[in-house]
1. Might you check whether a residue that is in a loop (DSSP other than H, G, I, E, B) and under 30 Å from Leu268 (Cα atoms) occurs anywhere in segment 125-135?
2. Under the condition of being within 30 Å of Ala259 (Cα to Cα), charged (D, E, K, R) and exposed (fewer than 15 other Cβ atoms within 10 Å of the Cβ), which residue from segment 1-57 is modelled with the lowest pLDDT?
3. Quick one: which strands (runs of 3 or more DSSP E) sit completely within segment 193-302 and have at least 2 residues that are modelled with pLDDT under 95?
4. Give all pairs with beta carbons closer than 9 Å in which a residue from segment 169-185 that is in the same structural domain as Gly202 (by TED's automatic domain parsing) meets a residue that is in a strand (DSSP E or B) and at pLDDT below 95; count only pairs at least 6 apart in sequence or on separate chains.
5. Quick one: which of Ala79, Ala99, Ala74 is within 18 Å of Leu269 (Cα to Cα), touching a residue at least 24 places away in the same chain (Cβ under 8 Å), of a type outside the set (Ser, Thr, Tyr) and in the same structural domain as Gly150 (by TED's automatic domain parsing)?
6. Tell me, please, whether a residue that is free of Cβ contacts under 8 Å to residues at least 24 places away in the same chain, surrounded by fewer than 18 Cβ atoms within 10 Å (Cβ to Cβ), farther than 16 Å from Thr88 by Cβ and touching an Asp or Glu at 6+ places or on another chain (Cβ under 9 Å) can be found in segment 230-250.
7. Just to check your reading of the model, which residue among Gly158, Gly164 is within 27 Å of Ala37 (Cβ to Cβ) and surrounded by fewer than 24 Cβ atoms within 10 Å (Cβ to Cβ)?
8. Output yes when any residue across segment 264-283 is under 20 Å from the mean Cα position of the chain (by Cα), surrounded by fewer than 18 Cβ atoms within 10 Å (Cβ to Cβ) and at negative phi, and no when none is.
Amino acid sequence: MTLDIVGADLPVRLRSGATVRFAHLDYAASAPCARAAADAVQRLLPWYGSVHRGAGARSARSTLEYERARQAVADFTGARSDDTVVFTRNTTDALNLLAHALPAGTTTVVFDGEHHANLLPWPNAVRLPTPPDPDTAVALLDRALAGIAGPALFAVTGASNVTGELWPVRRLAAVAHSHGARVAVDAAQLAPHRPVDLDALGADYLAFSGHKLYAPFGAGALVGRADWLDAAEPYLRGGGASAAVGDHAGDVTWATGPARHEGGTPNLLGAVSLAAVCEALAAADRNALHAREQQLLARLQAGLADVPAAVPVSLFSDTHPRVGIVSLALPDHDAATVADRLGADHGVGVRAGQFCAHPLARRLTGATRPGGCATGPAALLRISFGLGTTDSDIDRVVAALSAETGSVASNEGLALLTAR
């Protein structure tokens, strides 16, 4: 029950005037809310108060729940004894915090297939071309790090937000560590689909978002080694980050630990909702959830084989392991127009564009120059799913794509469209 989706039976009105159950297939942008997150917020609301500052019952309860949430996130990610958990707004915020905390002179290495959150924040960045296969990725990273002197950080996604393919994080981390570099993993798309563990991944840092993990209350987290974070200037200067402030400018003693980078009143409800989903996922049968997702993925891929106008794109290969994300090139159609029609005429929510991964989208589509985010030759149509997705959701998007691209829909798809 805790992993049931709030609004799973949401009715929407189509352009025709008919009403259907909404098929939400845009999880990679923002996943719907899990019951665990909504219930956790509802339980805490009567007790909501200031964190770390008050002396009353509400403040005491709020402080306790906030720090419990920190421990739950630490447990979910396999945080080590010398790791810290800093609550942030989202993955982008978490990775910008880490970029802010890098020691002076640190060189960062990334592949150009990253989401902009893991492509744009890094100083002194060495950007590597997206490799055609995992072996090439390992070789490219090995050569790049061999030529770097001084501190280095390698930042990589766990699962592509465009294709859903899993990156060989463990292998890449081993190469990075052999050169003395640290490793940051963007787990925004990985954490909702697979268990995430710092040691299992070989990661020094892990960043993820609540809004992609069924906890859409504005919180994310950066988990990892404390030394760089403790040595850095505060990310947000203000109350909470300061332990003592003198009478003169610059006369400040900054807090240590997570508080150093959590200036201002923290997002208590976001942290608690995020922790609630972490605990619900940890208690679930992750093997069963994975098997169900792969079943849905196979159903989608089989259906798309009958839609010739929609061409799935891949980083490595069509058979490379992936989470529940598939992006399609529509060579003879405008992706944004098709996405709008899927929503207005079929009650199916998908995403069109370059998904904040412009260099990768251009590489996958063969586009030669930057263009608009949602339109133009580099635009793709993305279908993404997870908890709460049904077989009928998958069948409906395939049938709708068949209808909107002029392809011949399957008998099952035609039946769905007729019923609508």
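The values are calculated or read from the model by the stated rules, or taken from the named source; none is laboratory data. Values in this document were obtained by computation on a predicted structure and should not be read as measured data. Because the Cβ atoms are built from the backbone with ideal geometry, glycine has one as well, and the counts that use them run over all protein chains shown.
1. Scanning segment 125-135, I find no residue that is in a loop (DSSP other than H, G, I, E, B) and under 30 Å from Leu268 (Cα atoms), so the answer is no.
2. In this case the residue turns out to be Arg53.
3. On the way: elements: 205-209, 220-225, 242-245, 252-254.
Strands (runs of 3 or more DSSP E) meeting the threshold: 242-245, 252-254.
4. none
5. Numbers: Ala79 fails: within 18 Å of Leu269 (Cα to Cα); Ala99 fails: within 18 Å of Leu269 (Cα to Cα).
Residue meeting the stated conditions: Ala74.
6. So in segment 230-250, the residues free of Cβ contacts under 8 Å to residues at least 24 places away in the same chain come out as 241-250.
Subset that is surrounded by fewer than 18 Cβ atoms within 10 Å (Cβ to Cβ): 242-250.
Those left that are additionally farther than 16 Å from Thr88 by Cβ: 242-250.
With touching an Asp or Glu at 6+ places or on another chain (Cβ under 9 Å) added as a condition, the list becomes 244-245.
Yes: one or more hits.
7. Working: Gly164 fails: surrounded by fewer than 24 Cβ atoms within 10 Å (Cβ to Cβ).
So the residue among Gly158, Gly164 that is within 27 Å of Ala37 (Cβ to Cβ) and surrounded by fewer than 24 Cβ atoms within 10 Å (Cβ to Cβ) is Gly158.
8. Let us first name the residues in segment 264-283 that are under 20 Å from the mean Cα position of the chain (by Cα), namely 267, 269-282.
Add one more test, that the residue is surrounded by fewer than 18 Cβ atoms within 10 Å (Cβ to Cβ), and what stays is 282.
When the remaining residues are screened for being at negative phi, the result is 282.
Yes: one or more hits.
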